[in-house]
Each structure stands twice: as structure tokens, then as C-alpha cells.
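One structure coming up, written as C-alpha cells, with questions to follow.
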Ligand code: GA4
């Protein structure tokens with residue numbers, strides 16, 4: 001018998017520190033297939049993470065942004081530092097967030113809806129910034145459209161009306177969405193280590209927003225955590241996108257979808273470049289389970305909060321902290 005609603009799984013090998021007895025691979029969803037809605041729901045429930053193909057984002061746009069980003073990160077540190085420190089937007093090197101997290105990574109963090117992040121890097125690039133910003137804008141536009149399509153398919157899959165219940169938050173002109181470019185330089189010292197310890201590129205965390213859309217070059221490093229706490233390496237694929245369920249979507253589905261814990265480990269010989277769009281709601285939005293999802297007497301697992309409150313608290317935490325814990329009803 002063929003079970004159509006289960007996602008296809010990619011072949012992959014489990015590393016020795018993985019304790020998952022059986023993991024079939026990263027769910028792979030072909031957005032052009034008629035059964036993809038059920039597959040998306042399934043992947044969000046099981047892992048909060050999946051890969052999409054036939055995503056509709058033009059490859060030339062991805063490549064153009066990749067080369068702009070590579071150009072930026074190849075500048076002397078003193079030039080890049082002019083676009084920092086991240087407050088939270090701007091250029092950052094090794095320090096992540098305001099509370100002492102560090103990683104083997106440099107990055108550019110930009111807001112997608114206002115100007116300050118742009119002004120900062122316009123001052124170093126001069127006219128070249130025009131093209132960088134244009135490509136970022138076009139890329140974010142295309143990736144947001146795909147994220148909205150996925151959110152609408154998820155709403156259909158969950159039988160939620162209206163089908164833009166999630167996606168309208170990303171489309172709102174006040175949507176508090178963020179765009180991140182990460183560069184993980186190779187770390188040659190790793191080769192000397194015989195104990196096989198991982199050097200952290202970006203420490204384990206969940207994303208606070210609704211949905212995250214990640215694209216990276218062909219360098220490995222990304223890992224996701226399964227429900228039993230084991231870490232699974234995600235084989236890189238530069239032609240596909242990886243989608244994360246964020247904390248806010250976990251709350252809006254009253255825990256039905258899981259916000260995925262993930263991290264990036266450094267690579268000894270290859271540099272890794274990733275671009276991530278974090279789709280968030282407007283600051284004033286109340287984050288609560290959608291009424292149409294609450295069956296019978298079902299209670300919300302979470303106290304009510306606005307995105308502003310959640311985000312404000314997030315910036316008081318360390319990366320690995322369980323940020324939803326504070327808002328869980330006991
Ligand atoms: C994780 C997801 C996004 O990259 C991010 C990160 C943010 C930052 O780098 O400024 C945070 C982190 C992220 C969660 C906890 C706080 C805030 C660093 C940090 C320690 C841009 C986001 O929105 O939350």
C-alpha cells in the first residue's frame with residue numbers, strides 16, 4: 001500500500017552521537033505535488049523542519065545574492081565593522097545577541113521593513129550598496145511569497161479559515177520580519193582535534209518568529225534536534241530551501257506544530273554561507289492559538305502575549321534558553 005500523505009525522505013547517514021533508533025531522513029516536500037499539504041502538516045508535527053523543492057524562487061536571484069554576500073564578507077574586517085555593532089541590526093562578528101553567546105560566524109542582520117539596517121551598510125558600500133540592497137529586497141520578496149504559500153497550504157491542511165490566517169502576518173506592512181546573512185569561515189584547527197569535538201558556528205536555539213526560510217551553499221554544518229534530544233546533520237542542498245517552524249507558529253497551533261531546535265557546527269575546510277528570512281508578525285499582534293484549531297474544551301497551552309512582549313523577552317535570554325517556557329501555562 002502507498003501512503004500518500006507521508007513526506008518523502010532523503011537518504012542520509014546517522015552520525016555516531018545520534019541516539020535516534022530510527023530516523024527516516026529530512027522530510028522532503030515537492031510544492032508542485034497535489035498531496036503536499038498533508039506532507040507539510042506531517043513534517044511540521046513530527047520535526048518542525050523540512051526541505052522544499054519546486055519552490056519557485058529564481059536560481060539567478062539566489063546566485064546574485066550569494067555573490068553580493070560573498071563580496072561583503074571578503075572585505076577587510078575594518079570595513080565590515082563600519083556596519084556594526086549589531087544593535088540588533090548591522091554587522092556582527094562572533095558575538096550573537098546581547099547576552100554573551102559566541103560562535104564561529106560573522107553575519108549581517110537586517111530588518112525587512114524599515115531603513116536603519118540599510119543606512120548602515122550604505123555608508124561603507126557607497127553606490128555598490130544600491131545593488132546589494134536591490135538584490136536583498138528582490139530575494140526577500142520572492143522568499144516571503146514562498147513562505148506565504150507554504151503557510152496557506154498549512155492552513156488548508158489544518159482546515160483553518162481564512163487560509164491567510166498565518167500568511168497575512170508576514171504580508172502586513174508592519175510585519176516584524178528579519179533577514180540574516182551568515183558566513184561561517186573554515187576552521188583549520190578543527191582538523192587537529194582527534195577527539196571529534198564540534199566547534200559551534202551558531203549555538204543551539206529555536207527561532208522566535210512564525211517561519212524561517214533558509215538557503216545555504218553546499219557546505220554542511222546545520223543540524224536539527226529530534227524529540228529525543230539527538231542531533232541530526234542536515235545534508236546541504238544549494239538548490240532547495242529548508243523551512244523551520246518558529247515558536248510563534250507552535251503557539252498559534254497550540255503545540256501541534258513543533259518549533260525545531262537547531263544549530264550549526266563549524267567546518268574544517270569549507271566556508272559556509274547561509275541566508276535566512278525570518279517571517280514575523282507585527283509587534284502589536286497577539287500570539288495565541290487560532291480559535292478554529294481549538295477543538296471542544298481544548299485549552300490554550302500558553303498565556304496570552306504580544307509579539308512585542310515575546311521578542312522583548314527573547315533579547316534578555318541566551319540562545320539555548322527555552323523562551324516559550326515563560327509563557328507556558330503550568
Ligand atoms: C535567533 C533567530 C534569529 O537569528 C534572530 C536571533 C537574535 C539575534 O541574533 O539578534 C537572537 C536569537 C535569534 C534568539 C535569542 C536572542 C535574540 C540572539 C539572542 C541571543 C535574529 C532572532 O530573531 O532571534
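Consider residue 28 carefully, then state whether it is in contact with a helix residue (DSSP H, G or I) (Cβ under 7 Å, 6 or more places away or on another chain) and at pLDDT 95 or above.
Taking the combined requirement at face value, the residue does not satisfy it.
Looking at 38, 43, which is the one that is out of contact with any strand residue (DSSP E or B) (no Cβ under 9 Å at 6 or more places or on another chain) and either part of a loop (DSSP other than H, G, I, E, B) or at pLDDT 95 or above (or both)?
That would be 38, the only listed residue that is out of contact with any strand residue (DSSP E or B) (no Cβ under 9 Å at 6 or more places or on another chain) and either part of a loop (DSSP other than H, G, I, E, B) or at pLDDT 95 or above (or both).
State yes or no: is residue 323 under 18 Å from the mean Cα position of the chain (by Cα) and within 25 Å of residue 219 (Cβ to Cβ)?
It is false that residue 323 is under 18 Å from the mean Cα position of the chain (by Cα) and within 25 Å of residue 219 (Cβ to Cβ).
When the residues of region 94-125 are narrowed to those that are modelled with pLDDT of 95 or more and over 19 Å from the mean Cα position of the chain (by Cα), which ends up nearest to residue 135 (Cα to Cα)?
Here the answer is 98.
Only residues that are within 16 Å of the ligand (Cβ to nearest atom) and under 21 Å from residue 143 (Cβ atoms): list them for region 52-85, please.
The answer is 69, and nothing else.
List the number of the failed condition for residue 179; all other conditions in (1) within 16 Å of the ligand (Cβ to nearest atom); (2) assigned to a helix (DSSP H, G or I); (3) touching a helix residue (DSSP H, G or I) at 6+ places or on another chain (Cβ under 9 Å) hold.
(2)
For region 245-268, enumerate the residues that are closer than 16 Å to residue 322 by Cα and outside any loop (DSSP other than H, G, I, E, B).
Selection gives 245, 247, 248, 249, 250, 251, 262, 263.
Listed residues 90, 48; which is within 16 Å of the ligand (Cβ to nearest atom), at pLDDT below 95, within 30 Å of residue 313 (Cβ to Cβ) and touching a helix residue (DSSP H, G or I) at 6+ places or on another chain (Cβ under 8 Å)?
Residue meeting the stated conditions: 90.
Looking at region 119-137, which of its residues are out of contact with any helix residue (DSSP H, G or I) (no Cβ under 6 Å at 6 or more places or on another chain) and touching a residue at least 60 places away in the same chain (Cβ under 8 Å)?
Selection gives 131, 136.
Considering region 220-229 alone, what residues qualify as being in a loop (DSSP other than H, G, I, E, B) and either in contact (Cβ under 8 Å) with a residue 60 or more places away in the chain or over 27 Å from residue 58 (Cα atoms) (or both)?
226, 227, 228, 229
Just the residues that are outside any loop (DSSP other than H, G, I, E, B) and crowded, with 22+ Cβ neighbours inside 10 Å, please, taken from region 156-174.
167, 169, 170 - these are the residues of region 156-174 that are outside any loop (DSSP other than H, G, I, E, B) and crowded, with 22+ Cβ neighbours inside 10 Å.
Let me ask something additional. Can you say whether residue 232 is away from the ligand (no atom under 16 Å from the Cβ), crowded, with 20+ Cβ neighbours inside 10 Å and part of a strand (DSSP E or B), as far as the supplied structure shows?
yes
List the pairs whose first member sits in region 84-110 and is free of Cβ contacts under 8 Å to residues at least 40 places away in the same chain and within 13 Å of residue 182 (Cα to Cα), whose second member is within 9 Å of the ligand (Cβ to nearest atom) and in a loop (DSSP other than H, G, I, E, B), and whose Cβ atoms are under 6 Å apart, counting only residues at least 6 apart or on separate chains?
That search, which allows pairs on different chains as well, returns 92/86.
So residue 267 ticks every box in (1) over 25 Å from residue 111 (Cα atoms); (2) buried (at least 16 other Cβ atoms within 10 Å of the Cβ); (3) at pLDDT 95 or above but one. Which box is left unticked?
Evaluating residue 267 over (1) over 25 Å from residue 111 (Cα atoms); (2) buried (at least 16 other Cβ atoms within 10 Å of the Cβ); (3) at pLDDT 95 or above leaves (3) as the failure.
Another question about this same structure. When you look at residue 38, is it touching a residue at least 60 places away in the same chain (Cβ under 8 Å) and exposed (fewer than 15 other Cβ atoms within 10 Å of the Cβ), yes or no?
Criteria not met by residue 38.
Can you find, within region 321-330, the residue that is nearest to the ligand (Cβ to nearest atom) among those that are outside any helix (DSSP H, G or I) and farther than 14 Å from residue 261 by Cβ?
Here the residue is 328.
For region 270-295, give me the residue count where each residue is within 16 Å of the ligand (Cβ to nearest atom) and assigned to a loop (DSSP other than H, G, I, E, B).
Qualifying residue count, region 270-295: 4.
Go through the residues of region 73-85 one by one and say whether even a single one is closer than 22 Å to residue 317 by Cβ, crowded, with 16+ Cβ neighbours inside 10 Å and modelled with pLDDT under 95.
Yes, that holds for at least one residue.
Sort out which residues of region 296-320 are in contact with a strand residue (DSSP E or B) (Cβ under 8 Å, 6 or more places away or on another chain), within 16 Å of the ligand (Cβ to nearest atom) and either assigned to a helix (DSSP H, G or I) or in contact (Cβ under 8 Å) with a residue 24 or more places away in the chain (or both), and write them in order of number.
307, 310, 318, 319, 320
The values are calculated or read from the model by the stated rules, or taken from the named source; none is laboratory data. Only a predicted model underlies this, so the values are computations on that prediction, with no experimental measurement involved. Ideal geometry is used to build each Cβ from the backbone, glycine not excepted, and the neighbour counts take in all protein chains shown.
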